[in-house]
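Visitor: My structure is below; once you've seen it, I'll send some questions.
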Amino acid sequence: MKVKYATIGVVNMNESIKFYKDIMGLEINNQFNPYPGITITFMKGEGEGIIELIEIIENPQNPQNPENPPTPGLMAVGMEVEDINTTMKELKSKGAKITQEPMPISAGTLAFLEDPNGVRIGLIQH
């Protein structure tokens, strides 16, 4: 698995973009609104890793997990896998806590599991 991204919930998207752009030297790679009240901005620097910033304006229900809406702070670490179905079978056989089975998204297929500390780990197959 290759570490691909870190997802951060932000309070103010413009302020966060300014920090990552002006101070950290990253550039906006993509920005979109998947649901009303949610803005996602991908920031990229050198290498393949991406910082994904998510701003929740109206606090809409999270379609993947309505009991646990995103909050500010580190939300997830993303890892790219070659074959998400094979990887999921292997992780399940090792006792991993799967929180979201593979689902199609615009960039491929995404699934989630949790580490022992409750950190969400997103697995993505492009």
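Visitor: Of all residues being under 16 Å from the mean Cα position of the chain (by Cα) and of a type in the set (S, T, Y) in segment 17-43, which is modelled with the highest pLDDT? Just the residue, please.
Guide: Selected residue: T41.
Visitor: Select from segment 9-31 the residues that are touching a residue at least 24 places away in the same chain (Cβ under 8 Å) and of a type outside the set (A, V, I, L, M) and write down the one among them that is surrounded by the fewest Cβ atoms within 10 Å (Cβ to Cβ).
Guide: Within segment 9-31, the first condition is being touching a residue at least 24 places away in the same chain (Cβ under 8 Å), and the residues that meet it are 9-13, 16-17, 20, 26.
Next cut, of a type outside the set (A, V, I, L, M) only: 9, 12, 16, 20.
Details: G9: 18, N12: 11, S16: 20, Y20: 21.
For segment 9-31, the residue satisfying everything is N12.
Visitor: Any residue in segment 98-114 that is under 18 Å from M75 (Cβ atoms) sitting within a Cβ distance under 7 Å of a residue that is in a strand (DSSP E or B) and among the acidic types (D, E)? List the pairs, counting only those 6 or more apart or interchain.
Guide: Going by the 7 Å Cβ cut-off, the qualifying pairs are T99/E114; A111/E101.
Visitor: Among the residues of segment 115-126, which ones are assigned to a loop (DSSP other than H, G, I, E, B) and either in contact (Cβ under 8 Å) with a residue 60 or more places away in the chain or of a type in the set (D, E) (or both)?
Guide: Taking segment 115-126 first, the residues assigned to a loop (DSSP other than H, G, I, E, B) are 115-119, 126.
Passing the criteria: only D115.
Visitor: Only one residue in M79, M103 is modelled with pLDDT under 95, outside any loop (DSSP other than H, G, I, E, B) and under 26 Å from I28 (Cα atoms), so which one is that? Give the derivation first.
Guide: Numbers: M103 fails: modelled with pLDDT under 95.
Exactly one residue qualifies, and that residue is M79.
Visitor: Determine, yes or no, whether E48 is of a type in the set (D, E, K, R), at pLDDT below 90 and under 14 Å from T7 (Cα atoms). Break it down stepwise before answering.
Guide: Working: of a type in the set (D, E, K, R): yes; at pLDDT below 90: yes; under 14 Å from T7 (Cα atoms): no.
No, not satisfied.
Visitor: Would you pick out the residues in segment 21-44 that are closer than 17 Å to V11 by Cβ and in contact with a Pro (Cβ under 8 Å, 6 or more places away or on another chain)?
Guide: G37, I38, I40
Visitor: Could you tell me which residue of segment 22-37 is nearest to I50 (Cα to Cα), considering only residues that are assigned to a loop (DSSP other than H, G, I, E, B) and not hydroxyl-bearing (S, T, Y)? Before the answer, list the steps.
Guide: First, pick out the residues of segment 22-37 that are assigned to a loop (DSSP other than H, G, I, E, B): 24-26, 33-37.
If we keep only those that are not hydroxyl-bearing (S, T, Y) as well, we get 24-26, 33-34, 36-37.
On the way: M24: 13, G25: 13, L26: 9, N33: 18, P34: 18, P36: 23, G37: 22 Å.
Result: L26.
The values are calculated or read from the model by the stated rules, or taken from the named source; none is laboratory data. Model, not experiment: these values are computed from the prediction. Cβ: placed from backbone, ideal geometry, glycine included. Neighbour counts: every protein chain shown.
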